[in-house]
Amino acid sequence: MTKIALIGFGVVGQGFARVLSQKQQELKEKYGLDAQLVAISGRSKGSLMVEEGIDLGSLLTSFDKYGTVESYPTGTKGLDSIQTIKKSGADVVIEVTGTNLETGGAGLPHIREALGLGKHVITCNKGPAALAYSELKELADANGAKFRIESTVMAGTPAVNLGKEALAGNKILGFKGIINGTTNYILTKMGEGGDYDATLKEAQELGYAEADPAGDVEGWDAVGKVVILANTLMGANLKPTDVEREGITGITPVMVEEAKKEGMKIKLIARAYLEDGAVKAKVSPESMLLTDPLANVNNTMNALTFTTDGLHEVTVIGRGAGGVETAHGIISDLIAIYR
């Protein structure tokens, strides 16, 4: 049995529990992976530890009714996240708390604790991955553990693992991509005649944008992701503050219309490239020719084009956000650890 502790039980944590409940039998039959969730710790959703494994159907039924994992009928309750990591006996810690690109947030000490104990860690949390990837990878290696971060970029659509594993043998010379679904949705709707404020409000009503959308529309979310990709795939050592950044708040309908007349679309593009032997990165709105695959990626979809020495350009397009989508990225990392 592979024991899993889940740290964070918001949209992604709940999504993971639901996907695991659907995939448990398949994981066992197809990959020989008996994945059992033995502990959960959420900032506002309570904590639960059941040594023999949590019945996910029962958990989700009680959680949907009462809004706390502590409504589960058995198990140890009331532990904080660090206690959960230490006491759960988990082989794998899945860290899905909120992102903080300035300090790493709560996720950074969670991951350090788990890796220091020799536990594998899978995270979708951009903060630790963007700020301390090299440190955490070294800590994992020193303790015989794996540190997997596929779902930090483009949720379950392969990006990190595509570059590290599927493109192995190719040198990645650079990449460009649409890696924030909120801004892509806004720019798509502006291209259809909407103005910025009305489209942002619509995105918030649909749940694509937060009540405070600054992290998306000012480009910070994309900055975190471009740093992760540049550092893991191109050997860079960038911090978020090293990235040249411009969001979409200055884009007007007139600018969108002018681009359209010239056969182009405005997209928020994150890119990394080599300049004088050093890796540089930037996030900014760009006018893309309609012949570019990225120009035709609309609404909340994401896309990433790698430039390589062997295969030249390779583009992947897919969903880049959502609890269930992110959970599938986590599942792929879980399989990779035990494959």
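For the reader, a short list of remarks on this structure follows.
- Gly194 falls short on exactly one of the conditions (1) surrounded by fewer than 19 Cβ atoms within 10 Å (Cβ to Cβ); (2) in a loop (DSSP other than H, G, I, E, B); (3) within 17 Å of the chain's Cα centre (by Cα), and that condition is (3).
- Every condition in (1) surrounded by 19 or more Cβ atoms within 10 Å (Cβ to Cβ); (2) within 30 Å of Glu313 (Cβ to Cβ); (3) assigned by TED's automatic domain parsing to the domain that holds Gly310 holds for Ala209 except the one numbered (2).
- Of the residues making up the range 197-206, those that are in contact with a helix residue (DSSP H, G or I) (Cβ under 9 Å, 6 or more places away or on another chain) and exposed (fewer than 14 other Cβ atoms within 10 Å of the Cβ) are Ala198, Leu206.
- Only one of the numbered conditions (1) touching a residue at least 60 places away in the same chain (Cβ under 8 Å); (2) surrounded by fewer than 16 Cβ atoms within 10 Å (Cβ to Cβ) is not met by Ser44, and that is (1).
Residue-by-condition table, conditions (1) closer than 17 Å to Gly174 by Cβ; (2) modelled with pLDDT of 95 or more:
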{"position": "Glu244", "(1), (2)": "yes, yes"}
{"position": "Tyr273", "(1), (2)": "yes, yes"}
{"position": "Lys280", "(1), (2)": "yes, yes"}
{"position": "Ser284", "(1), (2)": "yes, yes"}
{"position": "Leu294", "(1), (2)": "yes, yes"}
{"position": "Gly323", "(1), (2)": "no, no"}
{"position": "Asp333", "(1), (2)": "no, yes"}
{"position": "Ala336", "(1), (2)": "no, yes"}
{"position": "Arg339", "(1), (2)": "no, no"}
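- In the range 197-220, of all residues being part of a loop (DSSP other than H, G, I, E, B) and over 14 Å from Ala270 (Cβ atoms), the one that is modelled with the highest pLDDT corresponds to Pro213.
- Conditions (1) touching a residue at least 40 places away in the same chain (Cβ under 8 Å); (2) within 20 Å of Ser151 (Cα to Cα); number of the one not met by Leu37: (1)
- When Phe63 is tested against (1) in a helix (DSSP H, G or I); (2) under 23 Å from Thr152 (Cα atoms); (3) touching a residue at least 40 places away in the same chain (Cβ under 8 Å), just one condition goes unmet, and that condition is (2).
- Some residue of the range 218-237 being more than 19 Å from Ile317 (Cα to Cα), surrounded by 16 or more Cβ atoms within 10 Å (Cβ to Cβ), without any contact (Cβ under 8 Å) to a residue 40 or more places away in the chain and over 17 Å from the mean Cα position of the chain (by Cα): yes
- Single match in Val121, Val69, Val96, Val92 (criterion: at pLDDT 95 or above, touching a Cys at 6+ places or on another chain (Cβ under 7 Å) and not small (Gly, Ala, Ser)): Val96
- The residue list Ala281, Ala272, Ala321 contains one member that is in a loop (DSSP other than H, G, I, E, B) and under 30 Å from Ala145 (Cβ atoms), which is Ala321.
- Within the range 71-95, residues that are within 14 Å of Leu37 (Cβ to Cβ) reach partners that are among the aromatic types (Phe, Trp, Tyr) with beta carbons closer than 7 Å, at six or more positions or on different chains, in the pairs Ile94/Phe16.
- Subset of the range 13-34 (residues that are farther than 20 Å from Thr97 by Cα, in a helix (DSSP H, G or I) and in contact (Cβ under 8 Å) with a residue 60 or more places away in the chain): Lys23, Leu27, Tyr31
The values are calculated or read from the model by the stated rules, or taken from the named source; none is laboratory data. Fair warning: this is a prediction, and the values are worked out from it, not measured in the lab. Cβ atoms come from the backbone with ideal geometry, glycine included; neighbour counts cover every protein chain shown.
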